[in-house]
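The values are calculated or read from the model by the stated rules, or taken from the named source; none is laboratory data. On a predicted model such as this, the values are computed, not experimentally measured, just so you know. All Cβ positions, even for glycine, are placed from backbone atoms using ideal geometry, and neighbour counts span all protein chains on display.
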Amino acid sequence: MSPADHYPRDLAGYAGRPPAVRWPNDARIAVSIVLNYEEGGERCILHGDAHSESVLTDVGAGPLAGARNLNVESTFEYGSRVGFWELMRLLRARAVPATVYAVGAALERNPAAAEELAASGFEVACHGQRWIDYQLVPEAIERTDIARNVEVIARLVGRRPVGWYTGRPGPNTRRLVAELGGFLYESDAYNDDLPYWTPVAGGHQLILPYTFDCNDSRLQRGGDFATGDDFFRYCRDAFDWLYRRGSEASPRMLSIGLHGRIIGRPGRIGALERLLEHVAGCPGVWLADRASIARHWRALHPPPASS
């Protein structure tokens with residue numbers, strides 16, 4: 001591909017000149033806390049898969065073909081049995097308006113968690129019907145899964161989801177999500193500190209970038225965070241930098257990703273509590289769910305006119 005050919009990636013973004021951002025109450029920074037609910041949607045031969053799960057588990061085992069990995073299953077179960085509830089209690093006690101990325105199959109296998117989400121009032125966004133890599137999943141199956149994820153959340157939580165994040169998307173994911181429609185935003189991107197519009201399916205989709213760096217997944221075995229303090233220090237430093245920038249130039253957005261089976265562990269959850277205390281102690285912070293950020297951005301920065 002020569003430089004003159006159409007290149008599907010956008011390497012420039014705002015090119016150092018982001019739009020004038022004004023968060024509610026002139027906040028310096030918008031902070032989005034995201035709780036991923038995935039347990040029960042991962043790969044497992046009980047779910048019809050060819051092998052066991054091997055991603056984001058403290059066990060650190062490779063996939064077992066045609067067999068269950070009971071250690072991996074048990075590690076995931078900690079998230080749904082204990083960690084999820086601990087995080088929900090902490091977030092609700094501190095009145096943090098979080099977004100929950102919910103895997104459809106995971107909610108179907110744990111109605112109690114769905115009931116808790118319905119009662120919480122938290123935004124519940126789509127995280128795929130299965131917690132798998134959709135890179136090689138046929139388009140027809142992925143289209144069905146996308147629609148099923150929306151239906152499951154609407155039915156079990158009582159609110160139609162308006163946000164999407166697969167996590168491991170395939171080449172068709174963004175287009176299929178846009179074609180289904182009804183979403184305020186999509187978050188399968190890690191390439192900016194601000195929302196932006198991108199062309200897709202003949203229109204424009206608002207992208208709220210997510211994060212792999214301010215994410216407790218780095219605490220999993222083989223990751224570069226060894227303790228909850230590592231997570232706290234890194235997220236605090238990211239927050240402090242963007243918070244200072246908010247006083248000098250255009251405000252920014254920070255996303256922080258959580259998992260019940262990871263940060264919900266007793267030796268780690270205190271780090272999250274300290275982080276929330278640090279954020280709450282700073283004036284001019286807009287703690288918001290992702291749908292609220294998307295609505296605000298859409299009102300101030302509507303999509304480009306179609307060409």
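Mind listing whichever residues of region 215-253 are part of a strand (DSSP E or B), in contact (Cβ under 8 Å) with a residue 60 or more places away in the chain and not hydrophobic (A, V, I, L, M, F, W, C)?
Narrowing region 215-253 to residues part of a strand (DSSP E or B): 215, 252-253.
Subsequent filtering for residues that are in contact (Cβ under 8 Å) with a residue 60 or more places away in the chain retains 252-253.
Selection gives ARG252 alone.
Against the conditions (1) crowded, with 22+ Cβ neighbours inside 10 Å; (2) under 19 Å from GLU42 (Cα atoms), where does THR99 fall short? Just the number, please.
Looking at each condition in turn, THR99 falls short on (2).
Just the residues that are aliphatic (A, V, I, L, M), closer than 16 Å to GLN129 by Cβ and either over 18 Å from the mean Cα position of the chain (by Cα) or surrounded by fewer than 19 Cβ atoms within 10 Å (Cβ to Cβ) (or both), please, taken from region 158-204.
Hits for region 158-204 are LEU176, LEU180.
If I filter region 291-301 down to residues being surrounded by 19 or more Cβ atoms within 10 Å (Cβ to Cβ) and out of contact with any Phe, Trp or Tyr (no Cβ under 6 Å at 6 or more places or on another chain), which single residue comes out as nearest to GLU77 (Cα to Cα)?
Across region 291-301, the extreme among qualifying residues is ALA291.
Quick one: how many residues across region 20-33 are over 13 Å from MET253 (Cα atoms) and within 18 Å of the chain's Cα centre (by Cα)?
Within region 20-33, residues that are over 13 Å from MET253 (Cα atoms) and within 18 Å of the chain's Cα centre (by Cα) number 0.
Residues that are farther than 22 Å from ARG268 by Cβ and in contact (Cβ under 8 Å) with a residue 40 or more places away in the chain: which helices (runs of 4 or more DSSP H) entirely in region 56-155 hold 2 or more of them?
104-108, 111-120
In the list ALA189, ALA249, which residue meets the criterion of being modelled with pLDDT under 95 and closer than 18 Å to TRP297 by Cβ?
Only one candidate passes the filter, namely ALA249.
GLU273 fails exactly one of the following numbered conditions: (1) crowded, with 22+ Cβ neighbours inside 10 Å; (2) under 22 Å from ARG89 (Cβ atoms). What is the number of that condition?
Among (1) crowded, with 22+ Cβ neighbours inside 10 Å; (2) under 22 Å from ARG89 (Cβ atoms), the lone unmet condition for GLU273 is (1).
Would you point out the residue of region 182-205, among those that are outside any loop (DSSP other than H, G, I, E, B) and in contact with a Pro (Cβ under 6 Å, 6 or more places away or on another chain), that is nearest to GLY257 (Cα to Cα)?
Going through region 182-205, the residues outside any loop (DSSP other than H, G, I, E, B) turn out to be 185-186, 196-200, 203-205.
After this cut, where a residue has to be in contact with a Pro (Cβ under 6 Å, 6 or more places away or on another chain) as well, the list is 197, 204.
Numbers: TRP197: 22, HIS204: 26 Å.
Per the criteria, the residue is TRP197.
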